[in-house]
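The values are calculated or read from the model by the stated rules, or taken from the named source; none is laboratory data. Keep in mind it's a predicted model, so treat the numbers as computed, not measured. Cβ placement follows ideal geometry from the backbone for every residue including glycine, while neighbour counts extend to all protein chains displayed. When the accessible area is computed, the model is the full protein with side chains, heavy atoms only, and any ligands, DNA or RNA have been set aside. Shrake-Rupley method; radii C 1.70, N 1.55, O 1.52, S 1.80 Å.
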Amino acid sequence: MSFKRLDPEDFVVSSDSITSTLWSTGAPVLTEFYTSSVQEASSAGNYYLSVYQTSSTLDTAAVQFDIVYCDVLGSGSSWYNSIVPENSPTKTMYGQYRSLILEDENASFVFGTGNNVITSSNFWVLNIERARYKESLFPGSLNLVLSGSGARKITLTDNSAVTTVNTFIGATRVFQLVSGSNGTPITTDNGYVAGSGSYGLVFPDLGVIMLNPYAISQSLHVEATRSNDADTGLNNTRLFGAIQRGDSFQLNSQETITSDYIFVRARNSEFNYSENPTFISGSTGEVIYDDFINNPQTYLTTVGFYNDSNELLAVAKMSRPLIKDFTKEALIRVKLDF
């Protein structure tokens, strides 16, 4: 074993953005949508509705996203206690997303920009399963088809293709959800709904797609019930029906892979001798074979990285032993991904 201190020029850092399909089916478009009656009937069903890619009872079923209805007044679901008005699962979920995104318990969500905005006290959320989207949703890959009554259909996307400067709500990057495809809105009113703002907001770094009920209702006649005695979870089921009838939800994930490239150089005069005890006489301490004095040969098989405290941090194994002597130099490139 031999040691050599690495120089600063031996390190190179590289970052690559990797885009891949998001759904567990491996396809870019999800066309089948199923729910679990067990989850829907459980206490969790009061807050969200999980959507799966298959109805199989085997282990192949996996949550793709959750549907959540949020209402600042607690409408659209039964109250926890009839003597405590407006306190319900929908209000709890509204507070959760307000704290997560707005970071202000007195703030409200606003859909749209310019002169066409609406401050909404309720909304739907599509919360993409964390394991699906990795680091973030890939802007421009969103194409969600919703279908309402009378065969009405709309395709929704983010407006990333026409956004020159990133917009943030607090510290969270956001795009408007508009009518269009592949990140480009239709030309009519920038893909907004007259008097109702955009169709929602897309937060790619959170895996959250927020839908504006006023715009959805105006385009599809899919209404969000705001009665305080409504069946809990009814609004989640209504949006699920619109997604299921639409038969198409396209979305990709994106992640940045940071790689450290470390170049380990073995010059001709280095690493030619072995510390293997079988090369040395135990009684005299002399090298047993004369060839190992004037013409030594070793085989490089492993590179270990140590810190200044002599602690082993990482190990790189070569695919095959690499012969080394005074007539050969070796350059080993080690790649660390994280």
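The loop-placed GluC sites (Glu not before Pro) in the stretch 95-136, going by DSSP, that have at most 12 neighbouring Cβ atoms within 10 Å of their Cβ come out as Glu103, Glu105. In a DSSP loop and with at most 11 other Cβ atoms within 10 Å, there are no chymotrypsin sites (Phe, Trp or Tyr not before Pro) in the stretch 19-70.
The candidate values were [x] 1.01; [y] 1.48; [z] 1.08; the one computed from these coordinates for Cα Rg over 2.2 N^0.38 Å carries the label [y]. Among Thr225, Thr278, Thr157, the residue with the largest mean-square fluctuation in a Gaussian network model of the chain, with springs joining Cα atoms closer than 10 Å, is Thr278. The alpha carbon centroids of the stretch 167-234 and the stretch 35-79 are separated by 20 Å.
Surface composition of the chain: carbon plus sulfur atoms hold 50% of the accessible area, using a 1.4 angstrom probe and ignoring ligands, DNA and RNA.
Charge tally around Leu220: other residues with Cβ under 11 Å, Lys/Arg +1 each, Asp/Glu -1 each, net +3. Number of Lys-Lys pairs in the chain with C-alpha atoms under 25 Å apart and a separation of 8 or more places or on different chains: 8. Note on Asp291 and Lys335: with the Förster distance fixed at 41 Å, the Cβ-Cβ geometry gives a FRET efficiency of about 0.70. Semi-axis lengths, largest first, of the ellipsoid equivalent to the stretch 174-255 are 23, 17, 13 Å, with √(5λ) applied to each eigenvalue of the Cα gyration tensor. Largest GNM mean-square fluctuation across Arg245, Arg132, Arg267, computed for the chain with C-alpha springs under 10 Å, falls on Arg267. Couplings 3J(HN,Hα) for the stretch 132-138, derived from phi with the Karplus relation 6.51 cos²θ - 1.76 cosθ + 1.60 (θ = phi - 60°), are 7, 9, 6, 8, 6, 6, 8 Hz, where x marks Gly and Pro.
Charge tally for Phe292 (other residues, Cβ to Cβ under 15 Å; Lys, Arg +1; Asp, Glu -1): -4.
Net charge of the neighbourhood of Thr172, taken over other residues with C-beta under 15 Å away and scored Lys/Arg +1, Asp/Glu -1, is -3.
Taken one residue at a time, the phi angles of the stretch 262-275 give Karplus couplings (6.51, -1.76, 1.60, θ = phi - 60°) of 10, 9, 9, 10, 10, 6, 4, 8, 10, 6, 9, 10, 10, 9 Hz. Gly and Pro are set to x. Taking the chain as a Gaussian network of alpha-carbon nodes connected by springs under 10 Å, the highest mean-square fluctuation of the residues Thr21, Thr35, Thr113 belongs to Thr113.
Whole Å is fine, so just give me how far the alpha carbon centre of the stretch 97-161 lies from that of the stretch 235-280. When both Cα centres are located, 30 Å separates them. Go ahead and estimate [θ] at 222 nm for the chain from helices alone: -39,500 (n - 2.57) per DSSP H run with n ≥ 4, summed, over the residue count, rounded to 500. -3000 deg cm²/dmol, from helical runs alone.
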